[in-house]
Amino acid sequence: MRRQLTIILATLIAGCAPTERLYTKSVTFPEGATAEQKIELASRVVPTKEQFEWQQMELTAFIHFGINTFTDQEWGDGTENPNLFNPTALDCEQWVTTLKRGGFKMVILTAKHHDGFCLWPTATTSHSVKSSAWRDGKGDVVRELSEACRKHGLKFGVYLSPWDRNAKCYGDSPAYNALFIAQLRELLTNYGAVDEVWFDGACAEGPNGKRQEYDWESILATIHSLQPNAVTAIMGDDVRWVGNEGGRGRTTEWSVTPYTPKSVAGGVESNAALGLEEMSRDLGSRELVSRANGVNWYPSEVDVSIRPGWFYHAWQDDEVRSVANLVDIYYSSVGRNSVLLLNIPPDRRGLINEIDAERIAAFGDYLTENFNKSLIKGKNSYWRASAGESREFQVESGKMVNTLLLMEDISRGQRVEKFRVEALVNGRWHHLADGTTIGYKRLIRFSDCRAERIRVTIEECRTTANIESIGLYYAERLKDEGRVVITSEIPTDKWLTLGFDAHKAIDGNIATVWQSEGLTPITIDLGETLDITGICYAPAAEGGKGTIFRYNLLSSLDGTTWSECVVDGEFSNIKNNPIPYIASFGRTITARYLRLEPLEEIDGNNATSIAELGILLAR
Ligand code: FUL
C-alpha cells in the first residue's frame, strides 16, 4: 500500500521500554509479537495528514444526481436515452450555498453512477451529458459544481462508480480498467482540486458473462499522482464505509483496525482470515487485534440519504428526514468517531428541493445554537490520562446540561477503551453514563441535569490517552414527528391474498412482516378494478431472510388470464438500503389482481418476506 509504513519494532519484542514513536496509516506486527505488544503498536498508529484533515470536516454532503433523477430509478441499467437528462434550472451555486448554510464542508458528486451516464462531456463514452438536449450538449455538471465549491470555499469530491452497466467492455477486465482510469484522469486533471474520490463496492458480470476484476493498484496510483491530497473512500484505502446506509455509527468505533481495505493486495484474504466485513460489530477490540498481523488507520464514514432513496423522487417529498432525525444521525455519526456524508439529491429542475433546503438550514442552525459554547467553566487543558485517572470540571453555575463532548488528539493515535461520566448534584455524585471508544469525537447524551461538577474517568486505555478537548452542552431535545412512510396510495382494507393467508403483507402496517419459506409468489385481489402505474414493496426493516431482490410482476382482470407488468425487475439497492421501493410500470395497467413472483433473494436464500405491498394509481 502506498504511504504505508511498515515498521518492525525489534525493541518491543526484546521487552525494552516503549518509545513514543508513531506510525502513519498502518503498522505490521513483528513476528511473534504478544497481544500486549500488538496493542501498544496499535495505539501508535496515526492518520495521514489528508485523513486528519478529512476527519476534521465532520459534515460532508453527497449529491446523487444523474439520469436516474429523470427516470425515477435508484439504479439505471445503462440503456437510458441520454436525452432524458434535462434539468430545467440547474444551479450548482444553489446546492453549494444551501449546503454551506447547513455547515457542510465538502460536496461529493455522483459524476457517474452504475448506469454509466457521465455528468461531464467525457471522451470515453457517448453515454453522457454531451449526448443530451441539456444546454445543447455543451453542459458540464462537474465543472459547474467544482467551480461553485471553489467560489464558496467548500471542498469537492467525486463519486465514480466502478460498476458500469453501460460500458460494453465492462467484464473485459483490462479494457474496462483502461476506460475507468481514463475517466478518472479526466476528472482529476480538468476540474482543479479534488479532495475525495469515492468508489462504491458494487461489482458484477459484464455482457461477456465475466466478473470485472479491477486493477486497484493502478487506479489508486492514478489518484495519488494526479491529486495527492485526495482521500480515497470505500474501495479506496483512506476512508472506510461504516457498514450501513441508515446513519448508524458503532458505539465502539475504532479508526485503528485490523480490517484492511479491499483494494489493498491481500486485503480480502486477510479480512476473511479474521472473519471481518465492513458490517462487523467489532473492528478493533483487544481480542481482534491480538489475532491480527497488523492494523490500519481506516476511519469510518457514515453515508445516509436525507430521503429514503439516494436519487430524487417526487413521491418521497413527504419523507424527507426531520431535523430531529438529522440530529440523531449527527449524534450517531460525528458523535461516534465518524464523518457524516449526508446525501441531498437535487430534483429534476437541478435544484436542491425547497423541503430539503429548509431542513438543511434548520439542521445547521440547531448545531450552531446548541453546540456553540461549552458550559464548562474556564479552559480545559490537554489531558494525558493513564488508565484509572479522573478529572473534574466545574459547570457554569445553575446551567442545565445533557451532552458531553470528548475528543482524543488523534494525531497521537486512538487509545481510549472505556470511560465513565459522573455528575455532582446537590453535593452527591451520580453516575451519568459509560462509554467505550472516543476517537476524534464522541458525544454522550444523558438526561437533563443541573450539575455543579462533572467527573470523567478514563477507565481503560491503550498506553496513555491524549484527551484534547472536553465540552458540556445543553442540546434541546426535538420531537421527531416520524417519517411518513407511504407504501400505498389507497387503503388496503378491501384487499385479500389468494391461496393462503398473507395479510401481514397488505395490512397497511409496515411493522408487521409476512414471511415464507421458499421464493413464494403472492397474489392479491384488490377488491376492485383499478388503473395502476406501479407497486411499492417494503422489505422487513430489521434484517431476517427473505428480502426480494429480483422479481416478476403480473396483473390480471379476472384472476385467470395473466399478463406481465415487470419482467426480471430488481429492487436495486435494497440490500444496503432496506427501504420501501417503487416498481414503476412506465405505463398504466388496468387490473384487479396482482401477482408478485420473487426470483432472487438478496443473499440467495430460499425465503420471501414482505413488510408491505402497495400500489400507485394513475392520475
Ligand atoms: C451504493 C449504491 O448502490 C447506491 O446507489 C448509492 O450510490 C450508495 C451511496 O452506494 O452502494
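Each reported figure results from applying straightforward, stated rules to the coordinates on display, with no laboratory input. What you see is a predicted model, and the numbers here were worked out from it, not measured in a lab. Cβ placement follows ideal geometry from the backbone for every residue including glycine, while neighbour counts extend to all protein chains displayed.
At a glance:
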item: Shape box of region 57-370 [Cα atoms, principal axes, largest first, Å]; result: 60, 53, 34
item: For the chain, with +1 on Lys and Arg beta carbons and -1 on Asp and Glu, the positive-most of N271, S290, A357 along the dipole; result: S290
item: Kirkwood hydrodynamic radius of region 383-473, from inverse mean 1/r over distinct Cα pairs, in Å; result: 13.1
item: Cleavage-rule hits (GluC sites (Glu not before Pro)) in region 22-62: DSSP loop, at most 16 neighbouring Cβ within 10 angstrom; result: E31
item: The chain: relative contact order as a whole-number percent, Cα under 8 Å and 6+ apart; result: 12
item: Normalised contact order of region 334-470, rounded percent, pairs of Cα under 8 Å and 6 or more residues apart; result: 34
item: Neighbour cut-off at most 11 other Cβ (10 Å), DSSP loop, trypsin sites (Lys or Arg not before Pro), region 348-432; result: K373, K379
item: Normalised alpha carbon radius of gyration of the chain [divisor 2.2 N^0.38 Å]; result: 1.02
item: Fraction of beta bridges assigned by DSSP in the chain that are antiparallel (%, nearest 5); result: 70
item: Within region 421-569: Cβ-based charge dipole about Cα centre, in debye rounded to nearest 20 (Lys, Arg +1; Asp, Glu -1); result: 1060
item: Over 26 Å (Cα to Cα) - which of K262/K575; K377/K479; K112/K262; K38/K575; K399/K441; K105/K377 fall in this group; result: K377/K479; K38/K575; K105/K377
item: Reciprocal of mean inverse Cα separation for region 218-275 (Kirkwood radius, Å); result: 12.9
item: Part-to-part distance (alpha-carbon centres) for region 193-209 and region 243-310, which is given in Å; result: 19
item: Net dipole in debye of region 57-370 [+1 Lys, Arg Cβ; -1 Asp, Glu Cβ; about Cα centre; nearest 20]; result: 460
item: Given charges at beta-carbon only (K, R positive; D, E negative), |dipole| of the chain in Debye; result: 2160
item: Sparsely packed trypsin sites (Lys or Arg not before Pro) within region 461-523, loop by DSSP, other Cβ within 10 Å at most 13; result: R477, K479, K494
item: Amide H within-cut-off set for S305, under 5 Å, with H built and near neighbours excluded; result: N343
item: Likely footprinting exposure, V268, V239, fewest C-beta neighbours within 10 Å first; result: V268, V239
item: For region 102-233, the Rg and Dmax computed from alpha carbons only, in angstrom; result: 14.7, 46
item: Derived scalar couplings ³J(HN,Hα) [region 227-243; Karplus, 6.51 cos²θ - 1.76 cosθ + 1.60; whole Hz; x for Gly, Pro]; result: 9, x, 8, 7, 8, 10, 10, 6, 6, x, 10, 10, 10, 9, 5, 5, x
